[in-house]
Amino acid sequence: NGFGWEFKGASNIDELHSVLSDFMIRYKKEDVLTELPEKTISFVPMDLDNRNDYEKARDNFIDWVKQNKGKYAANKARAAEKLVKMAELRHLAVRGSLSSAIQWIHDFVDSTDEKLVVFAIHKDIINTLNIEFNDICVKIDGDTKQGEVRQQIVDKFQNDKNTRLFIGNEKAAGVGITLTSASNMVFLELPWTPGEMSQCMDRIRRIGQKNVCNIYYLLPTNTIEFELAKLIDSKTKTLSKILDGVEVKDEDTLEELLSKYEVD
């Protein structure tokens, strides 16, 4: 681009797939680890107890998008501002649905003897859950020390029958640990990409897991978080298709989500 290489988007996908097919052998996880159980993904609608505040913030966000449309397209430095604006709206959505999510988790714990893994992003959400379920949970977030402390937390969840709940930050706990004592997982907030989502799911769907893995999206309808869930599921299918040589539309998740709030 005159200043260096810009690695963004994808083109010539069919040609790339054709070239790769000459020397690439693709092994899917289910082909290699045939003993892994199936996984099911379910959407559970949550009530939003701050609907008026959310809709006011959403309208303000739409106004911001309208005013800045074209500006951020020409100025990549505005990407950070886009993320901040969108993160504020997403945070408001999850806070508004948190009481409903907590009730759902209570119902799960009270109605079954199974364990549950809960993933979220924001520290206040994770801390609220930790306080609510303090006597039956452990948590790993960005403040958790690496090494022995982290492993002790995992071991307690894996081995202590009274520790029913694991609460994790998706970045801090989404990779490198095994949580197969649970076969149920909840997402209260979603990561940006299908890859991050898949990594989190693989914490319970690993060697040693004997049960079908149930994944639940506990999200409020008609919110930005719900739209992101639909985009992630769509992109998950897209990733599978592109590896098999299928032409796909080249769009960025952030820009796709923003486009849903652009009003002519």
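We did not get these values from a lab; they are worked out from the coordinates using the rules stated. Because the structure is a prediction, the values reported are computed rather than measured. Every residue, glycine among them, receives a Cβ derived from its backbone with ideal geometry; neighbour counts consider all protein chains shown.
HN-Hα J couplings of the stretch 128-137 from phi, Karplus 6.51/-1.76/1.60, θ = phi - 60°, integer Hz, Gly and Pro as x?
Taking θ as phi minus 60°, the curve returns 4, 5, 4, 5, 4, 10, 4, 7, 10, 10 Hz for the stretch 128-137.
Please go through the residue pairs Lys156/Lys230; Lys39/Lys82; Lys85/Lys139 and name each one whose alpha carbons sit more than 30 Å apart in this structure. Before the final figure, lay out the partial values.
Values: Lys156/Lys230 34 Å; Lys39/Lys82 34 Å; Lys85/Lys139 28 Å.
Beyond 30 Å: Lys156/Lys230; Lys39/Lys82.
So which GluC sites (Glu not before Pro) in the stretch 93-191 are both in a DSSP loop and have at most 15 other Cβ atoms within 10 Å of their Cβ?
Working: sites: Glu114, Glu132, Glu148, Glu170, Glu189; in loops: Glu114, Glu189.
When the GluC sites (Glu not before Pro) of the stretch 93-191 are filtered for loop state and at most 15 Cβ neighbours within 10 Å, Glu114 remain.
Say each of Asp143 and Val19 gets a label point 7 Å from the Cα, pointing the same way as Cα to Cβ; how far apart are those two points in nm?
4.9 nm
Could you estimate the translational diffusion coefficient of the stretch 128-198 from the Stokes-Einstein equation, with Rh from the Kirkwood formula over C-alpha pairs, at 20 °C and 1.002 mPa s, in whole µm²/s? Please list the in-between numbers first.
Working: Rh = 12.8 Å.
Taking Rh from Cα pairs, D becomes 167 µm²/s.
Mind ordering 203-214, 40-51, 177-188 by average Cβ neighbours within 10 Å, highest first?
Values: 203-214: 17.1, 40-51: 15.4, 177-188: 20.9.
In decreasing order of mean packing, 203-214, 40-51, 177-188 become 177-188, 203-214, 40-51.
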